[in-house]
Amino acid sequence: MARYGFRGAVPETKILTLYALSCLTVPVTTDRLADIITIDEGVDYFNYCQALSEMVESAHVLTNEEKGQTYYSISPRGYEVSELMDKQLPFTLKTAVRQGAQMFERNVERDAFISTEAFSRGGVPSVCCVLTDGADPVLHIELMAPDRPTCGLIAKNFRKNADTIYEKILEILICE
């Protein structure tokens, strides 16, 4: 893990968390936000959890429940504080957080084009994997599997490699 000179006490962690949230245009889960800000050895996960909880209580951070998952976003009040305080963060740390936020958002956009679903057809475990162009399916595959864990593995690997799988299938199908 890199070292950017971050001290990691709760007040500094609040500033870092608000900065990260201000870089995002979509709500984020606790774990994903932690992935973005725990890039410095000085960031303590427990201080992060405490800072996030306190900022929710103080209305600097907003929460939204969706499908049993809590998502966080910065409030207008939190954004004002972030703009005032982010100068206290080292430039290299801010750059790394901004890059982490951009990577997260690219992954969110990519995931919107991919769907997987495990199901049972006649008692046989199966999985459906779909890659879309945003509106229409570009690739739709249904596979039978020996068991449910294998369905989960297929779904996970499809999500991770959907574009490569699509390219390989096309390559195989159109080669002479």
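The values are calculated or read from the model by the stated rules, or taken from the named source; none is laboratory data. Owing to the predicted nature of the structure, the values given are computational and were not obtained by experimental measurement. Glycine also receives a Cβ, built like all others from the backbone with ideal geometry; neighbour counts cover every protein chain displayed. Areas reflect the complete protein model, heavy atoms only, side chains present, ligands, DNA and RNA absent. Shrake-Rupley method; radii C 1.70, N 1.55, O 1.52, S 1.80 Å.
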Amide H contacts of S75 (H built 1.01 Å from N, under 5 Å, at least 5 apart or other chain): V61, L62
Solvent-accessible surface ranking, highest first, for S22, S53 at 1.4 angstrom: S53, S22
Per-residue HN-Hα couplings for segment 70-81 [Karplus 6.51, -1.76, 1.60; θ = phi - 60°; Hz; x = Gly/Pro]: 8, 10, 10, 8, 7, 8, x, 5, x, 5, 4, 5
Output ordering of 93-100, 161-168 (per-residue mean of other Cβ within 10 Å, highest first) is 93-100, 161-168
Compactness ratio of the chain: Cα Rg over 2.2 N^0.38 Å, N = residue count? 1.30
How about segment 44-84: which GluC sites (Glu not before Pro) there are in a DSSP loop, with at most 11 other Cβ atoms within 10 Å of their Cβ? none
Mind listing the phi-derived Karplus ³J(HN,Hα) values for segment 153-162, rounded to whole Hz, using 6.51, -1.76 and 1.60 with θ = phi - 60°, and x for any glycine or proline? 5, 4, 4, 4, 5, 5, 4, 6, 10, 4
Which whole-Hz ³J(HN,Hα) couplings does segment 130-145 yield from phi under the Karplus relation 6.51 cos²θ - 1.76 cosθ + 1.60, θ = phi - 60°, glycine and proline marked x? 10, 10, 10, 9, x, 10, 10, x, 9, 9, 9, 10, 10, 10, 8, 9
On the accessible surface of the chain, probed at 1.4 Å, how many percent belong to carbon and sulfur atoms? 55 percent
Looking at A155, T70, M55, which one has the Cα that reaches farthest to the positive end of the dipole of segment 31-176 (charges on Cβ: Lys, Arg +1; Asp, Glu -1)? A155
Sequence of I74, I169 from largest to smallest accessible area, 1.4 Å probe: I169, I74
What is the Å³ per residue value for the convex hull set by the Cα atoms of segment 20-80? 88 Å³
